[in-house]
Amino acid sequence: VTISNGTVTGGFSTSGAGGIHIMDGANVSLNDVNVVGNAVQGDDGAGIAIYNGAVLTMDGGSISNNILWSSFQSYADPYGSLYLNDSTAYLNSVEFVGNQFAGNYSADGVAIYADDSRLIAENCTFRENGNRDAVTQGRVPNSVVCLDDGSMELIRCVFEDNGTPALTSGAEIVELWGGTMKISESTFRNNRCDFVIECITGTLEVSD
């Protein structure tokens, strides 16, 4: 499936992706597509969710202003405006802007969460991803980008102004829970966080 020059917006789900749900080995290419203003409650992939050997290739476009809701009656952690599980994604020149967590508990990988997957991101921008209303909620997302086993490469990416508005700290911008993460030629600036990069377990390589 190839989609070009489009917008996916206004989706909402409690049992799957808010915007695009890719399953079971499917191969999807998005060219200059904006996945914006979608939401999930108590599930993963506010913008896009990829499962079971699926492959996403995304060139240009954005994943922006998507919301991960966690119900005040639930302690389920929602993961990722882009969520991968046992899958692969290739991203080039994609903007992640204004993706937010809102709810009762916590969230990992507000922009990207990859679980036992492979992701390569080149020339991508991450800006203003974080918490929608930390002062009211008293909660912060754990990370903007999270790898939980598998491999991730961030090449010539820019992370700026991410974190929690109205607070001077949050959790971390990039989080590694296992697997191998390589960060090269990338820039981190003006982020509100306790750690820019946190490696809990796994292999982290940072260069240039």
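The values are calculated or read from the model by the stated rules, or taken from the named source; none is laboratory data. What you see is a predicted model; the values in this text were computed from it and never measured. All Cβ positions, glycine included, derive from the backbone under ideal geometry; neighbour counts span all protein chains shown. Please note that ligands, DNA and RNA were not included when accessible areas were found on the heavy atoms of the full protein model with its side chains. Shrake-Rupley method; radii C 1.70, N 1.55, O 1.52, S 1.80 Å.
Answer yes or no as to whether residue 108 is modelled with pLDDT under 90, buried (at least 21 other Cβ atoms within 10 Å of the Cβ) and either within 19 Å of residue 182 (Cα to Cα) or of a type in the set (D, E, K, R) (or both). Judged against the criteria, residue 108 is a match. Note on segment 148-208: enclosed strands (runs of 3 or more DSSP E) holding 3 or more residues that are open to solvent by 50 Å² or more (accessible area, probe 1.4 Å) and not hydrophobic (A, V, I, L, M, F, W, C) are 195-207. Go through segment 26-36 and give me each residue that's more than 14 Å from the chain's Cα centre (by Cα) and open to solvent by 10 Å² or more (accessible area, probe 1.4 Å). If the condition is that a residue be more than 14 Å from the chain's Cα centre (by Cα) and open to solvent by 10 Å² or more (accessible area, probe 1.4 Å), then 26, 27, 28, 29, 31, 32, 34 are the ones that fit.
Please enumerate the residues belonging to segment 25-44 that are part of a loop (DSSP other than H, G, I, E, B) and either basic (Lys, Arg) or at pLDDT 95 or above (or both). It would help to see each step written out before you state the result.
Our first condition is that a residue be part of a loop (DSSP other than H, G, I, E, B); within segment 25-44, this holds for 25-26, 32-33, 37-38, 42-44.
Passing the criteria: 26, 32, 33, 37, 38.
Here residue 18 passes the criteria (1) in a strand (DSSP E or B); (2) open to solvent by less than 60 Å² (accessible area, probe 1.4 Å) except the one numbered (1).
Among the residues making up segment 6-22, those that are in contact with a strand residue (DSSP E or B) (Cβ under 6 Å, 6 or more places away or on another chain) and more than 16 Å from residue 80 (Cα to Cα) are 7, 8, 9.
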